[in-house]
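To start, the structure under review is shown below, and the notes come after it.
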Amino acid sequence: MSATQDDASIAAPAAASAAPHPESAPAPASLAAPASLPAAAPGSAAAPPVSAPAPRSEPVGVPAPMLSRAARRSGGLSARVLSLASLTTALVAIGVVLQTAAQSPGPAPVVAATAAAWQATAALSDGLRALRPGASRNPSRVRAKRAATVVADAQKRVEALHLATADTPLRSRVLRTLRADADWIDAVGSTLSNPRSPRRGDLSGLAKRAANGAALVAVDVRGAKGSVGGTGRLLSATKSP
């Protein structure tokens, strides 16, 4: 072998090793690693970070019209629930009122507190109806004093009663009637003691007022109606000759 051939055989393998291998060829530009962002120049403001887009609030795959209808149905259901709650509250309030009314004693305490007053006034009225000119007036004077005491006591008992709110108007009417009776009884007693008493001229008006008051409470309070009477007979029996 000649020297020239030896040099060629040695150079061929060297050239083959120096040639690039197909598997080690450089990667395309599209697959290369992304280039880093250029550094900000000294003294310049840093670029603001890029924020990710906000996620959608709608459920994925549900169209907007369906969401709107669902919202309307939800709002309607809430309104119906509130309406039902209000109705329930009203029914409970009505039940409480009815229960309170059922537990109210009504006029019974007032009847018990005033029974003696009506009886004493009626006894005085019966005595006046029996008066005759020139007859003794002392029995009627005794009845008048007793009636005045009993009626005054009845007023105190009625005022002290603990009544339900629904019975408050009845208490007021009864008290007015008792005061009218007391005024009439006072005028009767004054006239029995002195037929020329200035209270004599008040008898007719006071008797009428007491009778009107008794008529207003007679429906609820037994014994009140007709308790005042005999005024005309008193006037005729004590008339001056």
Review point. Can you tell me which residues in segment 177-189 are surrounded by fewer than 19 Cβ atoms within 10 Å (Cβ to Cβ) and out of contact with any Leu (no Cβ under 8 Å at 6 or more places or on another chain)?
Key: 179, 186
Check your understanding: How many of the residues making up segment 106-156 are surrounded by 14 or more Cβ atoms within 10 Å (Cβ to Cβ) and not in a helix (DSSP H, G or I)?
Key -> 4
Exercise for review: Return the only residue of 175, 170 being in a helix (DSSP H, G or I) and free of Cβ contacts under 8 Å to residues at least 40 places away in the same chain.
Suggested key: 175
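No lab work stands behind these numbers, since they all come straight from the coordinates. Please read all numbers here as calculations on a predicted model, not as lab measurements. In this analysis, Cβ positions are derived from the backbone assuming ideal geometry, glycine residues included, and neighbour counts consider all displayed protein chains.
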